[in-house]
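Laboratory data are not the source of any read-out in this text; all were calculated from the coordinates shown. Here the structure is a predicted model, which is why all the values come from computation and not from measurement. Backbone-built Cβ (ideal geometry, glycine too); neighbour counts: all protein chains shown.
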Amino acid sequence: MTFGPVLTALGLGVSIQAEIFLAYHIVPLIIWLVYSKRVVTKKQLASFILVLGLVLSTMLLVEFKFGFKGLSGLQALAISHQPLAYAKSLGDYLVLYLNQIGRIFAFNSYPGNIGYGGAFVIVLTLLGLRRERQKWGPFLATWLFSHLTVVTVGGTSTPFLMVGIGPAVSILLAIWISRWWGNNKLVAASLVAVLVFGNLSMIMRENKRGSTLFAIQPDMLLSKQLAAIDYTYEKAGKEPFSVNTLTSPLDINIVWSYLYKWYGQEKYGYIPEYHGRDQIGQLDALSARSPDTSNFFLILEPMGGIPVQHLELKLGEENVGTKVVDEVYWGELRVQERTKI
């Protein structure tokens, strides 16, 4: 028995269990199954399907228990709900894709210059495709460019969709450097020196700033969040108040619900109400606003990962019945104090 199908199924299944969007990893797998169909046996294919089914069985049971809610997610991916005025065109997705892979390629090769690093890896990948009788070139190409399959269905604002692509860049560089080392050690050594210099320079420059590459919302720090909560309580003056939030993910208020119950209730003795989009199905949500409440706050998270039109929509919703009387910023995190019109 060969372990290839089993390991492949385990890797794919665990990836999907960790993050459902990583199901796109099956696309390059299918490409290679079709390409290698002459050497793939029915027994190997059955082993792959069986192990993958076992790994995903708990997820499938949950879908069955809750009425296949995941199908609604697939429908949302297939049918865009963006207003027509904000809908992306083909060219927008192409530029977005090239920018995203360019950055991930550069961060794993030469981050000193994003353009040079990204273009360098793309060129090496294309050269690998030209190598006759070498399967590593096409294999790495399908790995490196697999993100193309999801860029139009949600891969528009987060680099997390490209998780797992970075190691392929390192493998590609290692293959080419080893080949150049055999032909010209000076050239290979010079390239290694340039890559090391670029990475060390980036480390020295960026480490003092903390996490930056995956900080989609850089000012969503606990210290600033608690300062925002203190502000709402102090402005409310021990009176009941209601909050609304603009969050990433959209309309998921769980962070602020947790912070108000963990920190706000402990410090001030009560928690606010909530007057945003309904939180049905969310864990431990705040209660809905009562008609007598007259103090309102709008918490606006940093816009990283939030399509800009949703800021306009959220402000429009609030402006229907309330007006701004004060606004405070903690970096990109801000809170508006509002009162009834």
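Numbers at a glance
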{"read-out": "Nitroxide proxy distance, nm - points 7 Å out along Cα→Cβ at residue 116 and residue 187", "value": "1.8"}
{"read-out": "Under 5 Å, built H, 5+ apart or other chain: amide partners of residue 322", "value": "341"}
{"read-out": "Relative contact order computed over region 222-340 (Cα-Cα under 8 Å; 6+ residues apart), in percent", "value": "30"}
{"read-out": "Angle in degrees between helix 90-107 and the longest Cα principal axis of the chain, rounded to the nearest 10", "value": "70"}
{"read-out": "Cα gyration tensor category, rounded, prolate or oblate, for region 222-340 with a/c compared to 1.5", "value": "rounded"}
{"read-out": "Net charge over other residues, Cβ less than 13 angstrom from the Cβ of residue 50 (K, R count +1; D, E count -1)", "value": "+2"}
{"read-out": "Dimensionless Rg/Rh of region 1-79 - Kirkwood Rh, Rg from C-alpha atoms", "value": "1.02"}
{"read-out": "Simple spin-label estimate for residue 327 and residue 43 in nanometres, 7 Å along Cα-Cβ", "value": "6.9"}
{"read-out": "Residue 126-residue 2 pseudo-label distance in nm [points 7 Å out on the Cα-to-Cβ vector]", "value": "3.3"}
{"read-out": "Pairwise FRET efficiency - residue 315 versus residue 174, Cβ, R0 = 51 Å, nearest 0.05", "value": "0.50"}
{"read-out": "Mean separation of Cα contacts under 8 Å (6+ apart) over length of the chain, as relative contact order %", "value": "12"}
{"read-out": "Percentage, to the nearest whole number, of Cα pairs in the chain over 36 Å apart", "value": "39"}
{"read-out": "Residue-count net charge about residue 20 - beta-carbon cut-off 15 Å; Lys, Arg +1, Asp, Glu -1", "value": "-1"}
{"read-out": "Gained length - residue 285 relative to residue 98, 0.36 nm times residue gap less alpha-carbon distance", "value": "63.4 nm"}
{"read-out": "Nearest-ten-degree value, helix 309-319 long axis tilted from longest Cα axis of the chain", "value": "10"}
{"read-out": "Listed residue pairs exceeding 31 Å between alpha carbons, taken from 135/208; 69/267; 238/314", "value": "135/208; 69/267"}
{"read-out": "With Cα atoms, 0 to 90° folded angle of helix 222-236 axis to the chain main axis", "value": "20"}
